[in-house]
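Trainee: Would you mind keeping the following structure in view while I ask a few things?
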Amino acid sequence: MADRRPTLEDVAALAGVGRGTASRAINGSARVSERARAAVLRAVRDLGYVPDAAARTLAGGRAAPSGTLALVLAEEPGRRFEQPFLGRLLDGITAAADAARTAVALHYAPSGGERAALARRLREPRTDGVLLLSTLPREPLAGVLERAGVPTVTAGRPAGVAPGEAGDAGYVDADNRGGSRRATEHLVGGGRRRIATIAGPPERSVGADRLAGYRRALGDRPELVAFGDFTEAGGMLAMRRLLDRRADLDAVFAASDVMAAGALRELERQGRRVPDDVAVVGFEDAAPRRPTRPMLTTVHQPTERMGRAMVEMLLASLGTAPEDREPVICRTGLVLRRTA
């Protein structure tokens, strides 16, 4: 081991345990048997292992924190964060950070080699942890940072992680399945019988979860499902496809307010009255760029509270393994207005 610095994987292999168990043992988690803990600490001593995050020590968990969290925005090439919920999420993040007397440094995550350079910078001691907001279907940065010893919390459940399970990083999410199910059941209760949905991208957990909630209420009706991309233009196009496919539909649940706004524009263009001919329900309840006409019935997600919870989770979990961070799922509720 003289030619390189020992890693957590080396410790786990020598101790005969998994990587997660080794991490929990080093960070003092109660979820490790005394036998495993002793084996891990023995391996740490024999190898001379020190965690990658220089802000930690084996004796005290970590040294005094720097007082700075990194907020990383990662998105698909050619797109910008224009979703209304982002402002409220940032409000929650900054409010919680201010209350904890913690600074937040904003980083934009580029692609390719520049992203690798960002990951290296975030591993430096001046960053206590990372808040990650990504629109990418599969975001590798969270796993890269956690494996390097940088605590990370993501906005939304990472793709590939089952609902309720811990992933490579902690996460805070809304009850997307429950909210979309209640929205669809509201339409059913209002006498609607041909209820379509404009779903988000299925490769993203938020899109898959909101579609799953719709299907839980109605079952699988592929002819009544069209996919959008969480943009107003995408909502318009999906609404047009649905009307071409099922001209007799009488309701639509859109997986975001932005796509619902696009659906309303297309319905107006085609001379459909809302809610008389077609009822519409959205999801998020974030302030739109311009008010919809009629005012949109939607599922409220507590976006500002989610931002606060991200900071609280990250600060509370510094020095713990990601497996010890229970996901936080925020409750949603239906807000009745004029479209349904």
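Read-outs: derived from the displayed coordinates by stated rules, not from any lab. The shown structure was predicted, so the numbers you read here are calculated from the model rather than taken from an experiment. In this analysis, Cβ positions are derived from the backbone assuming ideal geometry, glycine residues included, and neighbour counts consider all displayed protein chains.
Trainee: Given R₀ = 30 Å, FRET efficiency for Leu86-Val188 by Cβ-Cβ distance, to 0.05? Mind showing how you got there, number by number?
Mentor: Numbers: r = 32 Å, r/R0 = 1.06.
Between Leu86 and Val188 the formula returns 0.40.
Trainee: Turning to a different aspect of this structure: Normalising by the residue count of the chain, find the relative contact order in percent from Cα pairs under 8 Å and 6+ residues apart.
Mentor: Relative contact order of the chain: 19 percent.
Trainee: Another one. For the chain, set up a GNM with springs between Cα atoms under 10 Å and report which of Glu165, Glu232, Glu34 has the largest fluctuation.
Mentor: Maximum among the listed residues: Glu34.
Trainee: Quick one: Met259, Met310, Met236, fewest Cβ neighbours within 10 Å first, how do they rank?
Mentor: Details: Met259 31, Met310 27, Met236 21.
By the 10 Å Cβ count, ascending: Met236, Met310, Met259.
Trainee: Considering amide H positions built from the backbone, and no H for Pro or chain starts, which residues 5 or more places from Arg337, or on another chain, come under 5 Å of its amide H?
Mentor: Thr297, Thr298
Trainee: Separate question: Out of the DSSP beta bridges found with both residues in the chain, what percent are antiparallel (nearest 5)? Working shown, then result.
Mentor: Working: 3 of 39 bridges.
Around 10 percent antiparallel, to the nearest 5.
Trainee: Also, I was wondering about something else. Go ahead and estimate [θ] at 222 nm for the chain from helices alone: -39,500 (n - 2.57) per DSSP H run with n ≥ 4, summed, over the residue count, rounded to 500. Walk me through the intermediate numbers first.
Mentor: Values: 11 runs with 131 residues, N = 340.
My calculation for the chain gives -12000 deg cm²/dmol from helical runs alone.
Trainee: Whose amide H sits under 5 Å from the amide H of Val252, counting only residues 5 or more places off or on another chain, with H placed in the peptide plane?
Mentor: Amide H neighbours of Val252, under 5 Å, 5+ apart: Ala196, Ala279, Val280, Val281.
Trainee: How many angstrom lie between the Cα centre of the stretch 85-136 and the Cα centre of the stretch 159-200?
Mentor: Cα centroid to Cα centroid, the span is 27 Å.
Trainee: With a ≥ b ≥ c taken as the square roots of the eigenvalues of the C-alpha gyration tensor of the stretch 176-302, please select rounded if a/c is under 1.5 and otherwise prolate if a/b is larger than b/c or oblate if it is not?
Mentor: Working: a/c = 1.26, a/b = 1.09, b/c = 1.16.
Verdict is rounded for the stretch 176-302.
Trainee: Report, to two decimal places, the Cα Rg of the stretch 226-283 normalised by 2.2 N^0.38 Å (N = number of residues).
Mentor: Values: Rg = 9.7 Å, N = 58, 2.2 N^0.38 = 10.3 Å.
Against the empirical 2.2 N^0.38 Å value, I get 0.95 for the stretch 226-283.
Trainee: Looking at the chain as a GNM with Cα springs under 10 Å, which of Asp248, Asp209, Asp257 has the largest mean-square fluctuation?
Mentor: Asp248
Trainee: Divide the volume of the convex hull of the Cα atoms of the chain by its number of residues and quote the answer in cubic angstrom per residue. Please list the in-between numbers first.
Mentor: Working: hull volume 47.8 nm³, N = 340.
Measuring per residue, one finds 140 Å³ for the Cα hull of the chain.
Trainee: Then there's this: Can you list the residues, at least 5 places off or on another chain, whose amide H is less than 5 Å from the amide H of Thr332, using H built in the peptide plane?
Mentor: Under 5 Å from the amide H of Thr332 lie the amide H atoms of Asp175, each far enough along the sequence or on another chain.
Trainee: If you place +1 on the Cβ of every Lys and Arg, -1 on the Cβ of every Asp and Glu, and leave all else neutral, what size is the dipole of the stretch 260-340 about its Cα centre, to the nearest 20 Debye?
Mentor: Details: 13 positive and 11 negative charges, 120 e Å.
Here the stretch 260-340 has a charge dipole of around 580 debye.
Trainee: Rounding to the nearest 20 debye, state how big the charge dipole of the chain is about its Cα centre with +1 on each Lys and Arg Cβ and -1 on each Asp and Glu Cβ. Could the numbers behind the result be given before it?
Mentor: On the way: 51 positive and 42 negative charges, 63 e Å.
Using only the charged Cβ atoms, the result is roughly 300 debye.
Trainee: Each residue of the stretch 210-220 in order: what ³J(HN,Hα) in whole Hz does its phi give by Karplus 6.51 cos²θ - 1.76 cosθ + 1.60, θ = phi - 60°, with x for Gly and Pro?
Mentor: Result, rounded to whole Hz: 5, 5, 4, x, 4, 5, 5, 7, 10, x, 8.
Trainee: Then there's this: Would the stretch 169-209 count as rounded, prolate or oblate if I go by the C-alpha gyration tensor, calling it rounded below 1.5 in a/c and otherwise prolate when a/b exceeds b/c, oblate otherwise?
Mentor: Working: a/c = 5.89, a/b = 1.94, b/c = 3.04.
Judged from the Cα gyration tensor, the stretch 169-209 comes out oblate (a/c at least 1.5, b/c at or above a/b).
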